[in-house]
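Report on one structure; see the data block that follows.
The values are calculated or read from the model by the stated rules, or taken from the named source; none is laboratory data. From a predicted model like this one, the values you see are computed outputs, not experimental measurements. Here Cβ is always computed from backbone atoms with ideal geometry, including for glycine, and neighbour counts include all displayed protein chains. Protein only, heavy atoms only, side chains kept; ligands, DNA and RNA dropped before computing areas. Shrake-Rupley method; radii C 1.70, N 1.55, O 1.52, S 1.80 Å.
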Amino acid sequence: MNDYIPELSEIRMVQRAPEGPLPFADADRNYIFSCLADVESSFGLFGFPAIAPEQIAARSLIRQLIEWWRTLEPATEAQRDAYGRLPGAIRLIDTVSIWVEEQAARRKAKSSGV
């Protein structure tokens with residue numbers, strides 16, 4: 001693994017993600033967690049040992065996926081396949097984080113009469 005300095009966009013994605021799990025649609029959940037499992041198995045990593053995938057905090061998950069995207073160097077076909085899916089998983093998490101953030105802002109505005 002390589003060292004890296006996070007880009008501002010990556011820092012913002014991590015900060016935007018909530019501290020708890022996100023309400024993913026079934027297809028999104030399957031994609032994200034199969035990507036996580038594939039990266040772990042193909043690279044021999046354990047990002048979240050002893051934690052059920054559905055219980056992983058979105059902030060921790062996106063932080064880990066970004067770190068792997070920036071630092072791993074795939075050497076085998078299985079590693080290249082798993083690595084190539086990381087950006088899609090990261091974008092899905094960020095998209096759902098934005099949606100949750102917007103929903104909370106709407107509820108807050110609605111309750112304050114704005």
Any idea how far apart Ala104 and Leu8 come out in nm if each label point goes 7 Å out from Cα toward Cβ? 2.3 nm
Cα-based Debye curve of region 55-114 sampled at q = 0.18, 0.19, 0.26 Å⁻¹ gives log₁₀ I(q)/I(0) of -0.70, -0.75, -1.02
Using the Cα centre of the chain as the reference point, and only Cβ charges (+1 on K/R, -1 on D/E), how large is the resulting charge dipole? Debye, rounded to the nearest 20. 640 debye
Leaving ligands, DNA and RNA out of it, report the carbon-plus-sulfur percent of the accessible area of the chain at a 1.4 Å probe. 53 percent
The answer for the net charge of residues other than Ile62 whose Cβ lies under 11 angstrom from its Cβ, with Lys and Arg +1 and Asp and Glu -1, is +2
Using a simple spin-label model with points 7 Å from Cα along the Cα→Cβ vector, what separation in nm is obtained for Glu54 and Asp26? 1.2 nm
Whole-number accessible area per residue in Å² for region 73-114, which is evaluated in the context of all protein chains at 1.4 Å: 68 Å²
